[in-house]
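A short write-up of the structure that comes next.
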Amino acid sequence: MSDPQAPLPDDPNFGQRPPDPSYSPAPARPLSQAEDRQWASFAHLGGIFSFLPALIIWLVFKDRGPFTAVQAKEALNFQITLLIGYVAIWVVTAFLAVVTFGLGSVFGLLVWVVWIVSVIFSILGFMQAKDGHPYLYPFNARLIK
């Protein structure tokens, strides 16, 4: 046990080895062509759940595979576009629900339409990307360049 009354040492790395200045992490291994297609297709398919799978895949693999970088960015931009649509629908629904004393809340069912569109286009993107063909969504706000 240590003495709680003992003076603190002046060494900021007390009890630890100092960091090695010559250490640098090895760069990540580039993806093979099959892995590149696989992660690109997963970025599209992840759109069924939300924008997070495409974001994570783009951040992790953008420097390791060119096809994955382009397709994950495309999928991420599409999911961000849909997120903007979701927010717009909920704002309009809340306004209409207040103005019409709750009857306007039926407008909120459009969220399901947006989700079904997301599922359909995500599956189409997955099918194209797994075969190595680039997929462009029919509507997309390309916010991430």
When you go through (1) farther than 19 Å from VAL114 by Cα; (2) assigned to a loop (DSSP other than H, G, I, E, B); (3) within 22 Å of the chain's Cα centre (by Cα) one by one for SER50, which number turns out not to apply?
-> (1)
Note on the range 25-45: residues assigned to a helix (DSSP H, G or I) and open to solvent by 50 Å² or more (accessible area, probe 1.4 Å) are GLN33, ALA34, GLU35, ARG37, GLN38, TRP39, PHE42, LEU45
Over the range 85-105, the set of residues surrounded by fewer than 14 Cβ atoms within 10 Å (Cβ to Cβ), over 27 Å from the mean Cα position of the chain (by Cα) and modelled with pLDDT of 80 or more is PHE95, VAL98, VAL99, THR100, PHE101
Contacts under 6 angstrom Cβ, first residue in the range 108-129 being without any contact (Cβ under 8 Å) to a residue 24 or more places away in the chain, partner of a type in the set (A, V, I, L, M, F, W, C) and surrounded by 15 or more Cβ atoms within 10 Å (Cβ to Cβ), 6 or more apart = LEU110/ILE89
In the set VAL91, VAL113, VAL117, VAL70, which member is among the hydrophobic types (A, V, I, L, M, F, W, C), outside any loop (DSSP other than H, G, I, E, B) and closer than 17 Å to ALA40 by Cα?
-> VAL70
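The values are calculated or read from the model by the stated rules, or taken from the named source; none is laboratory data. For clarity, every value in this text was computed on a predicted model and none was experimentally measured. Glycine also receives a Cβ, built like all others from the backbone with ideal geometry; neighbour counts cover every protein chain displayed. We work out accessible area using only protein heavy atoms, side chains counted, and drop any ligands, DNA or RNA first. Shrake-Rupley method; radii C 1.70, N 1.55, O 1.52, S 1.80 Å.
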